[in-house]
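Notes follow once the structure below has been shown.
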Amino acid sequence: MPIVTVPGANHSTVSLSYDLDANALLARYIAGVIKTGLAGGTIEAFDSKSGFPPPLPPGKTGEFVQSETGATLMPKGYDFVVDAAKTALIFGNGDANEAVLVGNGNLQFFAVGGSGSVIGGGGKDMITVVPTDSGNWLIALGNGDDSIRALGGGSDTISTGSGHGILQLGSGSDFITTTGSDTVLAGTGSETINAIGAHDVVYGNASSLFFVAGGAATIFGGTGSDTVIGTTGKALFEGGSAGNNVLQAGSGPATLFGGGNGDQLYAGGDKAQQLHAAGGNETLFGGFASGNDTFYGGSGSDQITGGSGNNTFVAGTGTATITASPGSMNLFDLMKTMGGGSETVTGLTDPSQVHIDLSGYGKNEIKYALAHQTTTDGSVTVTLSDNTTVTFQNIASLSGSNFTDTNSSLGSGGDHHHHSNGGFGDTDGFGGDKWGNNDHKWSDPSRHGH
């Protein structure tokens with residue numbers, strides 16, 4: 001564990017331990033500035049052992065060493081704080097460029113204005129930047145379970161260690177690096193989050209969020225507009241209601257929800273993933289994915305592209321243009337509760353590539369669908385009893401072998417992949433492999449007439 005030696009009052013030295021090399025490097029730089037100032041006579045040092053810090057002579061900058069447990073309200077001019085106590089409560093002085101060094105003790109620091117840096121060494125720290133502070137702060141903490149409330153309007157740079165931190169943000173533009181399992185509560189500003197840690201949970205609120213996941217992540221978009229990039233872990237991403245969200249799943253199991261109009265949702269990798277359109281005009285794209293993915297249409301006008309895995313396309317109440325892969329098993333799921341929508345399917349060339357499941361309709365719905373199919377210019381349109389329509393381009397007609405009826409399957413002891421957990425496809429909310437499970441309708445060829 002790196003040790004940083006800082007010169008203190010009366011020719012003393014203070015040793016601070018750091019559990020992150022990067023923070024130790026920052027602390028050594030500040031210690032060097034203090035050493036140079038003391039040697040040149042521009043900095044005067046004072047220790048809490050002697051009481052509260054006295055007023056400084058004109059033109060001098062102060063260094064205050066908190067060597068004993070207690071609370072201190074920093075006077076103007078004391079811009080260097082060295083916290084060597086086990087527990088300390090320190091209020092900043094509102095100056096520009098304050099510098100606070102803390103080792104492995106537990107610090108509560110309140111920035112009441114100004115700007116500066118807080119470099120932590122692994123204790124359980126709580127750092128607060130008040131909402132009226134528009135200055136820029138660098139907050140670099142260690143591996144403890146820390147709390148950071150950067151509520152001001154400045155552009156703050158924040159990094160956390162491997163602990164379980166809580167970050168609350170304000171109206172500024174912040175850059176955040178997390179390496180633990182942190183919870184981030186965004187405010188009304190914007191933030192870029194580089195998440196290297198195990199599992200972050202982010203509430204976007206009214207902010208504009210750019211998030212890159214390093215592992216598992218859960219994102220709730222709020223009322224803003226968000227860009228979220230997944231990598232290897234499980235992902236649950238929900239875009240903001242302002243729309244124009246870009247949600248990219250990584251290579252792990254993922255569930256993505258659009259939030260507003262104009263969202264773009266992308267599947268990736270070979271794990272089962274789910275993409276849910278919001279109420280606007282959405283793009284759901286799985287063209288580069290090879291997992292068994294599920295695409296849920298919404299109430300707007302959607303563009304949906306499947307990947308090379310076994311895909312399920314769940315119809316919404318709006319319109320959708322679906323590009324399916326002829327080399328995959330494509331299931332088109334039409335539910336009575338989502339009736340009235342219209343789908344156009346491209347990419348298929350043979351009736352054997354079409355598999356339609358009717359969910360929640362009456363026992364005669366397949367007969368109704370077959371009786372109400374029409375063919376125009378070599379493309380068949382199927383109309384259901386609730387006016388749902390599906391057009392398969394370049395396919396002339398369908399037969400009973402193209403349909404299954406979930407009601408019939410349930411009546412014979414079967415199961416359906418939507419009712420077990422509200423449409424998530426598995427028990428943990430991170431997508432489900434509907435094609436490999438024994439209870440899926442396609443695991444039994446007799447259920448679809450082949």
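The values are calculated or read from the model by the stated rules, or taken from the named source; none is laboratory data. Quantities reported herein were computed from a predicted structural model and do not represent experimental measurements. Counting neighbours? That spans all protein chains shown, and the Cβs are built from the backbone with ideal geometry, glycine included. The accessibility values were calculated without ligands, DNA or RNA, using every heavy atom of the protein model including side chains. Shrake-Rupley method; radii C 1.70, N 1.55, O 1.52, S 1.80 Å.
Take Ser328 and tell me if it is open to solvent by 10 Å² or more (accessible area, probe 1.4 Å), more than 24 Å from the chain's Cα centre (by Cα), within 23 Å of Val228 (Cβ to Cβ) and in contact (Cβ under 8 Å) with a residue 12 or more places away in the chain.
Criteria not met by Ser328.
Criterion first (crowded, with 24+ Cβ neighbours inside 10 Å, touching a residue at least 24 places away in the same chain (Cβ under 8 Å), over 14 Å from Leu256 (Cβ atoms) and out of contact with any Asp or Glu (no Cβ under 6 Å at 6 or more places or on another chain)) does Gly268 satisfy it? Spell out the reasoning first.
On the way: crowded, with 24+ Cβ neighbours inside 10 Å: yes; touching a residue at least 24 places away in the same chain (Cβ under 8 Å): yes; over 14 Å from Leu256 (Cβ atoms): no; out of contact with any Asp or Glu (no Cβ under 6 Å at 6 or more places or on another chain): yes.
Against the criterion (crowded, with 24+ Cβ neighbours inside 10 Å, touching a residue at least 24 places away in the same chain (Cβ under 8 Å), over 14 Å from Leu256 (Cβ atoms) and out of contact with any Asp or Glu (no Cβ under 6 Å at 6 or more places or on another chain)), Gly268 does not qualify.
Could you list all residues from segment 20-42 that are open to solvent by less than 40 Å² (accessible area, probe 1.4 Å) and within 23 Å of Ile3 (Cα to Cα)?
Residues of segment 20-42 that are open to solvent by less than 40 Å² (accessible area, probe 1.4 Å), as a first pass: 23-24, 27, 30-32, 34, 37, 41.
Asn23, Ala24, Ala27, Ile30, Ala31, Gly32, Ile34, Gly37, listed by residue number.
So which of Ala85, Ala45, Ala9 is touching a strand residue (DSSP E or B) at 6+ places or on another chain (Cβ under 8 Å), open to solvent by less than 60 Å² (accessible area, probe 1.4 Å) and touching a residue at least 40 places away in the same chain (Cβ under 8 Å)? Working first, answer last.
Working: Ala85 fails: touching a residue at least 40 places away in the same chain (Cβ under 8 Å); Ala45 fails: touching a residue at least 40 places away in the same chain (Cβ under 8 Å).
Result of the check over Ala85, Ala45, Ala9: Ala9.
What residue, among those in segment 148-180 that are among the hydroxyl-bearing types (Ser, Thr, Tyr) and open to solvent by 40 Å² or more (accessible area, probe 1.4 Å), is farthest from Ala27 (Cα to Cα)? Walk me through how you get there before you give the answer.
Filtering segment 148-180 down to residues among the hydroxyl-bearing types (Ser, Thr, Tyr) leaves 155, 157, 159-160, 162, 171, 173, 177-179.
From what's left, open to solvent by 40 Å² or more (accessible area, probe 1.4 Å): 155, 157, 162, 171, 173, 179.
Values: Ser155: 21, Thr157: 16, Ser162: 19, Ser171: 28, Ser173: 25, Thr179: 20 Å.
Ranking the candidates gives Ser171 first.
Only residues that are under 19 Å from the mean Cα position of the chain (by Cα) and either of a type outside the set (A, V, I, L, M, F, W, C) or within 13 Å of Ser301 (Cα to Cα) (or both): list them for segment 267-282, please. Reasoning before the result, please.
First, pick out the residues of segment 267-282 that are under 19 Å from the mean Cα position of the chain (by Cα): 267-269, 271-278.
Within segment 267-282, Gly268, Gly269, Lys271, Gln273, Gln274, His276, Ala277, Ala278 qualify.
Please name all residue pairs, on different chains or six or more residues apart, with Cβ atoms under 7 Å, provided the first residue is in segment 62-82 and is within 19 Å of Ala96 (Cβ to Cβ) and the second residue is of a type in the set (Gly, Ala, Ser) and open to solvent by 30 Å² or more (accessible area, probe 1.4 Å).
Glu63/Ala45
Taking the condition at pLDDT below 95 and assigned to a loop (DSSP other than H, G, I, E, B), does Pro58 pass? Break it down stepwise before answering.
Details: at pLDDT below 95: yes; assigned to a loop (DSSP other than H, G, I, E, B): yes.
Answer is yes for this residue.
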